[in-house]
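**Q** Quick one: the structure is below, questions incoming.
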Amino acid sequence: MLSKVVVAYGTTNGSTARIAETIAEVLRKEGVLAEAVPARFVTDIESYDALVVGGGLYAGRWHKDARRFVRRHGRALAGRPLWFFSSGPLDASATEKDIPPVPGVRRAMTRLNVREHVTFGGCLEEGAKGFIARKIVSSGKGGDFRDFGQIEAWAARVGTELVSGAPAE
């Protein structure tokens with residue numbers, strides 16, 4: 001069993017943080033020591049045996065904190081078990097089908113030998129930060145499209161792989 005996993009994430013309005021916290025909680029239930037930490041606060045990854053990195057999607061790009069985390073820790077990340085997730089579609093599409101990673105995330109996946117990427121639905125509700133986010137909400141196109149059943153199932157597969165050392169089916 002791997003001893004310690006961090007779920008590092010970039011978020012603006014907190015919905016990706018809730019996804020990361022859910023992933024860490026499921027990993028703990030699977031027998032993995034896991035914690036969810038904002039990516040900008042993770043300064044050293046040497047104490048982690050594996051990592052999950054996620055970011056909210058904004059205009060077709062991962063949140064800047066997730067991008068910076070991957071750049072800053074690139075060499076060390078390449079040598080560890082690593083999974084990525086994105087959150088963002090403001091519709092049911094992420095629950096209905098597999099949404100491929102955006103180009104910048106796909107390039108990082110190839111460079112770092114990421115085991116898997118998944119895109120989860122996003123959440124944008126009243127009180128969101130940012131002019132564009134507030135416009136989306138006021139136009140009626142916001143809402144909570146996170147599927148926690150899907151998130152928990154994915155995290156359980158990651159946990160199984162971490163505990164057994166073999167890819168989950």
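The values are calculated or read from the model by the stated rules, or taken from the named source; none is laboratory data. Note that the structure is a prediction, hence the values are computed from the model and not measured. Counting neighbours? That spans all protein chains shown, and the Cβs are built from the backbone with ideal geometry, glycine included. Remember, those area values only see protein heavy atoms, side chains included, never the ligands or the DNA or RNA. Shrake-Rupley method; radii C 1.70, N 1.55, O 1.52, S 1.80 Å.
**Q** Would you mind finding the one in LYS64, LYS129, LYS97 that is open to solvent by 40 Å² or more (accessible area, probe 1.4 Å), modelled with pLDDT under 90 and charged (D, E, K, R)?
**A** Answer to the check: LYS129.
Conditions tested, residue by residue: (1) touching a residue at least 12 places away in the same chain (Cβ under 8 Å); (2) closer than 17 Å to TRP62 by Cβ.
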site: THR110; (1), (2): no, yes
site: GLY121; (1), (2): yes, yes
site: ARG134; (1), (2): no, no
site: SER139; (1), (2): no, no
site: GLY143; (1), (2): yes, no
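**Q** Given the conditions (1) touching a strand residue (DSSP E or B) at 6+ places or on another chain (Cβ under 6 Å); (2) more than 22 Å from GLU21 (Cα to Cα), which single one is not true for VAL102?
**A** For VAL102, the exception is condition (1).
Results for (1) assigned to a helix (DSSP H, G or I); (2) closer than 14 Å to VAL52 by Cβ; (3) in contact with a helix residue (DSSP H, G or I) (Cβ under 9 Å, 6 or more places away or on another chain); (4) charged (D, E, K, R), shown as yes or no for each residue.
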site: ASP98; (1), (2), (3), (4): no, no, no, yes
site: THR110; (1), (2), (3), (4): yes, no, no, no
site: VAL114; (1), (2), (3), (4): no, yes, yes, no
site: LYS129; (1), (2), (3), (4): no, no, no, yes
site: ARG134; (1), (2), (3), (4): yes, no, no, yes
site: GLU152; (1), (2), (3), (4): yes, yes, yes, yes
site: ALA156; (1), (2), (3), (4): yes, yes, yes, no
site: GLY159; (1), (2), (3), (4): yes, yes, yes, no
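**Q** Here's a follow-up. Scan (1) over 23 Å from VAL158 (Cα atoms); (2) open to solvent by less than 50 Å² (accessible area, probe 1.4 Å) for the single condition PHE69 breaks and write down its number.
**A** The one condition PHE69 does not meet is (1).
**Q** Please pick out the residue among LEU77, LEU33, LEU51 that is among the hydrophobic types (A, V, I, L, M, F, W, C), open to solvent by 50 Å² or more (accessible area, probe 1.4 Å) and within 24 Å of THR160 (Cα to Cα).
**A** Answer to the check: LEU33.
**Q** Determine which single condition GLY104 fails, assuming it passes every other condition in (1) touching a residue at least 12 places away in the same chain (Cβ under 8 Å); (2) closer than 17 Å to VAL7 by Cα.
**A** (2)
**Q** I would also like to ask the following. Would you pick out the residues in the stretch 80-94 that are under 23 Å from GLU35 (Cβ atoms) and either open to solvent by less than 10 Å² (accessible area, probe 1.4 Å) or touching a helix residue (DSSP H, G or I) at 6+ places or on another chain (Cβ under 6 Å) (or both)?
**A** LEU82, TRP83, PHE84, PHE85, SER86, SER87
**Q** I've got another one for you. Got a number for residues in the stretch 87-101 being of a type in the set (S, T, N, Q) and touching a residue at least 40 places away in the same chain (Cβ under 8 Å)?
**A** Keep residues of the stretch 87-101 that are of a type in the set (S, T, N, Q), which gives 87, 93, 95.
Pick out the ones that are also touching a residue at least 40 places away in the same chain (Cβ under 8 Å) and you get 87, 95.
Counting residues in the stretch 87-101 that are of a type in the set (S, T, N, Q) and touching a residue at least 40 places away in the same chain (Cβ under 8 Å) gives 2.
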